[in-house]
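**Student:** The structure under discussion is supplied below as structure tokens; questions concerning it will follow.
The values are calculated or read from the model by the stated rules, or taken from the named source; none is laboratory data. All values derive from a computational prediction rather than experimental measurement. No Cβ is skipped: glycine too gets one built from the backbone with ideal geometry, and neighbour counts run over all protein chains shown.
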Amino acid sequence: MRMKPFSANHKTISRAKARNAALINLFATPGLGSLACGRWLEGLGQLFLALAGCALILIWFFKVISRYYGLMFSDESALPPHTGWIGAGGGILLAISWFWSLVTSLSLMREAKNEKVETLKNFAASARALNPDEIIVALAKTPHWRQNGSVISRVFQFKDFPMAMQFVNAAAEIAEAAQHHPDIDIRWNKVTLALTTHDAGGLTEKDFALAKKFDELSVR
């Protein structure tokens with residue numbers, strides 16, 4: 001089955017990535033951290049306001065400097081009309097950009113926290129090996145996965161190798177957060193994931209919970 005092209009922009013946001021985005025937004029360039037986490041609308045808006053604000057402040061600064069330099073070479077005793085509103089406007093745009101970035105950063109941190117909580121809920125499932133009847137019910141809820149003894153597996157197919165690798169990297173983040181790791185086989189644009197719970201000696205609820213996560217990831 002050919003999957004939709006996987007987009008890295010919809011990857012699960014880890015707490016570290018959300019934290020780094022907040023640092024970039026608030027202490028470097030407003031909007032860049034938002035863009036790094038796939039918040040394209042907010043990021044572009046914040047970046048535009050920040051650049052516009054900086055441009056206005058630079059225009060104001062050069063106007064002031066040019067006035068003073070002009071006085072050095074002229075007989076005028078007073079400055080030209082005041083244009084401080086340009087600098088003030090630039091400062092206001094920068095403040096709006098920074099505040100907007102702060103709101104987005106808090107949203108990203110909250111999303112990362114919720115994702116972690118959701119992950120813990122999904123994988124706090126019992127490590128007890130499922131009986132055959134329970135496995136049949138679980139497989140019905142994950143129809144793309146196939147059972148082979150004590151292992152379930154699925155082949156994911158993508159447009160090309162880079163798309164496949166983006167999926168693998170995102171899947172690895174989810175597996176690491178869950179502390180439950182699949183076997184991974186990569187064949188150019190095809191990725192095979194296999195799951196089992198070795199400690200339980202068979203399939204558990206954890207395997208099927210992670211399988212659902214990978215299914216969701218593949219269609220984003």
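**Student:** Given (1) modelled with pLDDT under 90; (2) more than 30 Å from H180 (Cβ to Cβ), where does R110 come up short, assuming only one miss?
**Tutor:** (2)
**Student:** Give V155, V168, V151, V137 a once-over and let me know the one that is of a type outside the set (S, T, Y) and farther than 20 Å from E216 by Cβ.
**Tutor:** Sole residue among the options that is of a type outside the set (S, T, Y) and farther than 20 Å from E216 by Cβ: V151.
One line per residue, one yes/no per condition, for (1) surrounded by fewer than 16 Cβ atoms within 10 Å (Cβ to Cβ); (2) assigned to a helix (DSSP H, G or I); (3) modelled with pLDDT under 90; (4) not polar (S, T, N, Q):
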residue	(1), (2), (3), (4)
A129	no, no, yes, yes
I136	yes, yes, no, yes
A140	yes, yes, no, yes
S153	no, no, no, no
P162	yes, yes, no, yes
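Residue by residue, here is whether (1) buried (at least 19 other Cβ atoms within 10 Å of the Cβ); (2) among the small types (G, A, S); (3) in a strand (DSSP E or B) holds:
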{"position": "H181", "(1), (2), (3)": "no, no, no"}
{"position": "I186", "(1), (2), (3)": "no, no, yes"}
{"position": "T192", "(1), (2), (3)": "no, no, yes"}
{"position": "K206", "(1), (2), (3)": "yes, no, no"}
{"position": "A209", "(1), (2), (3)": "yes, yes, no"}
{"position": "K212", "(1), (2), (3)": "no, no, no"}
{"position": "D215", "(1), (2), (3)": "no, no, no"}
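**Student:** For the range 36-69, how many residues are under 23 Å from A172 (Cβ atoms) and in a helix (DSSP H, G or I)?
**Tutor:** Residues meeting the conditions: 1.
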